[in-house]
Amino acid sequence: MELLNEGYEIICVDNCYNSSPDVLNRIEKITSKKVKFYHDDILDAAALKRIFSENKVDAVIHFAGLKAVGESVSIPLQYYHNNISGTLVLCQAMKDANVKNIVFSSSATVYGLPKSLPIQENFPLSATNPYGQTKLMIEQILQDLYVSDPGWSISILRYFNPVGAHKSGLIGEAPKGIPNNLMPYVTQVATGKLPQLKIFGNDYPTPDGTGVRDYIHVSDLASGHSAALKRVLSQTGIDVYNLGTGKGNSVLELLHAFEKASGRKIPYEFVPRRSGDIASCYADPTKAKKELHWETTRDLNEMCEDSWRWQSQSSGKTSD
Ligand code: WQD
């Protein structure tokens, strides 16, 4: 939507494994602009060849990937095939079509257990799960691609913890099944779909003992992509940027902010730590501010208000 409102023509390619095409109708309702949609998989080289031949493509924003940390541990082959092979097929199709501008959706999970906080882009990288490993490997693939041909323009965006929804309440996160992530779980407790929140550990070395994360509003994330797209369209090179607020909030802080935003009590119980979790993680977003002229503008309260508006208006909707 951000890009449509800025006048870009958008082509969406999605296999709808964890989304529904209905969201495009809602985007059209909000923006009065159409998105060209191909119900295809980036693993399908022939489909990508057709798409690039039917359209004049200036740049690609690559979001396509499986992204559940816990799931990646139980089905690693599907994660490596989908995320890595899919990226290789996509980049080859781009190369064949002479399209060399790409923005890639990476993740703060590539920092593993950070050496200190806040996290900067030049910190050591490591992966503690197959999902994080795929992001790390794709970053390496893109670095090698650039070395092979400096005509590419590549922007790698490391998301911290995306939450929230479009302020209209028409578009938001609706994961299929029981949510892995905190915010969608809390919103489903608020609507009564789930009985209570299990807080994974209250014995971390943090102010209130619960995990601290850098929650970023999805609309701020969207404007970060728009800023990165402008950069890849204006110059060649390869850059990595943290997309975060630079502020950490604990699980309990998010829970209380959500109770205030929704007016609903969120019952919870403390349970043992979740394997693979770290105590604290938040960004130093200075580089994106300096080079992309981008920074976040929405705080935790707005993230909770927008999440609640989406959840309360869409309860029972399929995934987007
Ligand atoms: C946040 C905090 C949990 C659920 C993951 C990926 C990362 C990114 C965002 C894609 C932690 C606690 C959670 C629950 C809880 N995804 N929690 N009860 O693990 O920081 O990051 O999602 O880019 O790559 O690793 O996010 O929302 O799962 O957890 O107490 O039911 O909430 O322990 O402290 P996480 P999360």
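The values are calculated or read from the model by the stated rules, or taken from the named source; none is laboratory data. This is a predicted model, so every value here is computed, not measured. Every residue, glycine as well, gets a Cβ built from its backbone with ideal geometry; the counts of neighbours run over all protein chains shown.
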Check: Hey, among 72, 32, 19, which residue is surrounded by fewer than 16 Cβ atoms within 10 Å (Cβ to Cβ) and out of contact with any strand residue (DSSP E or B) (no Cβ under 9 Å at 6 or more places or on another chain)?
Finding: 32
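Results for (1) under 30 Å from residue 7 (Cα atoms); (2) within 14 Å of the ligand (Cβ to nearest atom); (3) part of a loop (DSSP other than H, G, I, E, B), shown as yes or no for each residue.
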| site | (1), (2), (3) |
| --- | --- |
| 198 | no, yes, no |
| 229 | yes, no, no |
| 233 | yes, no, no |
| 238 | yes, no, no |
| 242 | yes, yes, no |
| 255 | no, yes, no |
| 259 | no, no, no |
Item checked: So residue 126, is it assigned to a strand (DSSP E or B), among the small types (Gly, Ala, Ser), modelled with pLDDT of 95 or more and closer than 24 Å to residue 75 by Cβ -> no
Item checked: Residue satisfying all of: in region 139-157; over 15 Å from the mean Cα position of the chain (by Cα) and among the β-branched types (Val, Ile, Thr); surrounded by the most Cβ atoms within 10 Å (Cβ to Cβ) among these -> 154
Check: Of the residues 261, 257, 279, which single one is modelled with pLDDT of 95 or more, touching an Asp or Glu at 6+ places or on another chain (Cβ under 7 Å) and small (Gly, Ala, Ser)?
Finding: 261
Note to self: Any residue at all in region 140-163 that's basic (Lys, Arg) and farther than 27 Å from residue 48 by Cβ?
What the structure shows: no
Item checked: Failed item in (1) within 16 Å of the ligand (Cβ to nearest atom); (2) of a type in the set (A, V, I, L, M); (3) part of a loop (DSSP other than H, G, I, E, B), with residue 171 passing the rest -> (1)
Notebook entry, point to check: Taking helices (runs of 4 or more DSSP H) that fall entirely within region 1-117, which contain at least 3 residues that are farther than 30 Å from residue 275 by Cα and in contact (Cβ under 8 Å) with a residue 60 or more places away in the chain?
Noted result: 22-31
Next item on the list: For region 129-154, name all the residues that are within 16 Å of the ligand (Cβ to nearest atom) and outside any helix (DSSP H, G or I).
Entry: 129
Item checked: Considering residues of region 178-223 that are over 18 Å from the mean Cα position of the chain (by Cα) and among the aromatic types (Phe, Trp, Tyr) only, the residue nearest to residue 111 (Cα to Cα) -> 204
Notebook entry, point to check: If we keep just the residues of region 224-253 that are closer than 17 Å to residue 206 by Cβ and among the hydrophobic types (A, V, I, L, M, F, W, C), which is nearest to the chain's Cα centre (by Cα)?
Noted result: 251
Next item on the list: Mind listing just one residue for me: the one in region 254-289 that is within 24 Å of the chain's Cα centre (by Cα) and aromatic (Phe, Trp, Tyr) and, of those, nearest to residue 242 (Cα to Cα)?
Entry: 282
Checklist line | When residues of region 261-286 are limited to those that are outside any loop (DSSP other than H, G, I, E, B) and touching a helix residue (DSSP H, G or I) at 6+ places or on another chain (Cβ under 8 Å), the one nearest to the ligand (Cβ to nearest atom) | finding: 281
Next item on the list: Out of 203, 149, report the one residue that is at pLDDT 95 or above and under 30 Å from residue 234 (Cβ atoms).
Entry: 149
